[in-house]
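The structure appears right after this line, and notes come after that.
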Amino acid sequence: MASPRRAPLVLACLLGAAALASAFEPPRILVELFVMSRCPDARRCEERMEALVQRIGPLLDMRTVYIADVGSDKRLKQVTCKHGPAECAGDAQQLCAAAYGRTDGAPGEPADPYALGWRFLQCQNDDFASVGDVQLAEKCLEVAGFNSTQAAGAIGCWAGKEGDRLLYASASEASWRRVAKSCTIYVDRLYRCTHDGATWYDCPGGSEVDDFVATVCAAYADAGGDWPQDLCGPAPDPETRAHLRLGGRGEGAEQQAATVEA
């Protein structure tokens, strides 16, 4: 047993070791969905991504970017949505929920930082014809598990100017990244797949849940983590892993990502 004099030193060493382990913990793999909140293709895409979350949620960070027309006059900061004003409202609600539902895994909070915003989106999709309706949005905050402070922040966001600003910034990002199809999927900043017109296409790594799992797991391992066998199954050989990491595209995918991000 440590002496009273040594106890603070032992505690400091333990805390330091924990901090060091945390510092070297591999980052979550970013999955970005470029969508429109009232687009049927987006809903189908998000349903498939929900299956991905159920499989390997602890490896992920989910993010939605909203496709809309920002116009040519940047001073006006106006957004026009393909499926009308209700879609703009739904886009803003989902952005606000994602922003105010973001957590850091504190006691009593979901372990996954994106969980509340993602649950909110799934709740809205369950009543898809009403996406954009304020009553549905408020109901979905409760269903998703927002606390009173988080819910108040999200409601104030979409009821005020903040929601408009978030939507303009999101639509502008979709524009400068040259993404126009809902739903377009990026994994770890690399283009991965498109679902449009009720069809999955341009998905050389495959479009089934198992295919997306393989891509994320390979990216996670490449980010410095051990292959998470409990979530991903047996580790593939290095050559296969590199192929999975790029979604079957080969080395050219890295160049594509650099071009899109420029």
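The values are calculated or read from the model by the stated rules, or taken from the named source; none is laboratory data. Not measured: the values here are computed from a predicted model. No Cβ is skipped: glycine too gets one built from the backbone with ideal geometry, and neighbour counts run over all protein chains shown.
What to note about this one:
- If you filter the stretch 211-262 down to residues that are closer than 26 Å to Trp176 by Cβ and modelled with pLDDT of 75 or more, you find that the one that is farthest from the chain's Cα centre (by Cα) is Ala223.
- Close pairs from the stretch 101-118: first modelled with pLDDT under 95, partner aliphatic (A, V, I, L, M) and in a loop (DSSP other than H, G, I, E, B), Cβ under 9 Å, at least 6 apart: Thr103/Ala111; Gly105/Ala111
- For the stretch 80-97, the set of residues classified as surrounded by fewer than 22 Cβ atoms within 10 Å (Cβ to Cβ) and among the hydrophobic types (A, V, I, L, M, F, W, C) consists of Ala86, Ala89, listed by residue number.
- Close contacts from the stretch 178-195, counting a first residue that is part of a loop (DSSP other than H, G, I, E, B) and a second that is of a type in the set (Asp, Glu) and surrounded by fewer than 20 Cβ atoms within 10 Å (Cβ to Cβ), with Cβ to Cβ under 6 Å and a gap of 6+ residues or different chains, come to Lys181/Asp196.
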